[in-house]
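Before anything else, here's the structure in question.
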Amino acid sequence: MQWTAPSTGSYSVSGYFSGLDTTGNPHPAEVYVAGSSTDLFSTTIDTGDTYDFSFTIAVTAGEVLDFEVDTGDTNGYYLGTGFDATIDPAGVTPEPSSLSLFVLGLVGLAAWRCCARSRSTADIPTQV
């Protein structure tokens with residue numbers, strides 16, 4: 001499985017590999033940047049075990065992360081492997097203009113509610 005960075009920046013990567021086969025046949029799993037010899041995560045998967053990974057990485061647009069399950073010494077037998085990954089931009093914060101609009105909207109709602117209450121109490125007829 002591969003993921004290509006849509007833009008330059010830092011990304012938070014988390015997920016897991018899990019051994020699904022009922023027959024034990026340990027085999028390697030890795031996460032790395034394509035073309036790099038450095039593993040970001042590496043383990044040997046065994047039956048019934050789950051191996052979580054989580055890291056933040058700075059990448060350039062178009063750079064590729066590889067999520068790989070190898071056969072190792074298994075001759076390709078009993079390699080049922082579960083996999084899940086979530087990749088999100090790291091440290092994303094709202095733009096200041098978005099926050100300003102949100103606050104302005106809240107102030108507007110408060111003013112409208114205050115005026116609506118004033119009108120409803122002014123419309124109550126008084127008896128003499």
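In a shell of Cβ-Cβ distance under 9 Å around TYR16, excluding TYR16 itself, what net charge do Lys and Arg (+1) and Asp and Glu (-1) give?
That works out to -2.
Residue-wise, which Karplus ³J(HN,Hα) couplings in Hz belong to region 23-40, taking 6.51 cos²θ - 1.76 cosθ + 1.60, θ = phi - 60°, and x for glycine or proline?
9, x, 8, x, 8, x, 9, 9, 10, 7, 7, 3, x, 10, 9, 9, 7, 8
Which FRET efficiency value, to the nearest 0.05, is calculated for ASP39 and LEU106 with the Förster distance at 30 angstrom and r the Cβ-Cβ distance?
Plugging the Cβ-Cβ distance into 1/(1 + (r/R0)^6) gives 0.05.
Further question on the same structure: For PHE41, what residues show an amide H to amide H distance below 5 Å, using hydrogens built from the backbone and excluding near sequence neighbours?
VAL31
Still on this model: Quick one: Karplus J couplings for region 52-61, per residue in order, coefficients 6.51, -1.76, 1.60, θ = phi - 60°, nearest Hz, x for Gly and Pro?
Those phi angles translate into 7, 9, 7, 7, 10, 9, 8, 10, 9, 4 Hz.
Amide H neighbours of ASP49 under 5 Å, counting only residues 5+ apart in sequence or on other chains, H built in-plane at 1.01 Å?
GLY19
Still on this structure, please answer the following. Expressed in nm to one decimal, what extension gain is obtained for the pair THR4 and VAL64 from 0.36 nm per residue of sequence separation less their Cα-Cα distance?
Taking THR4 through VAL64 to full extension adds about 21.2 nm, to one decimal.
Bear in mind that the values in this text are calculations on the coordinates, not laboratory data. A quick note: this is a predicted structure, and the numbers were derived from the prediction, not measured. No Cβ is skipped: glycine too gets one built from the backbone with ideal geometry, and neighbour counts run over all protein chains shown.
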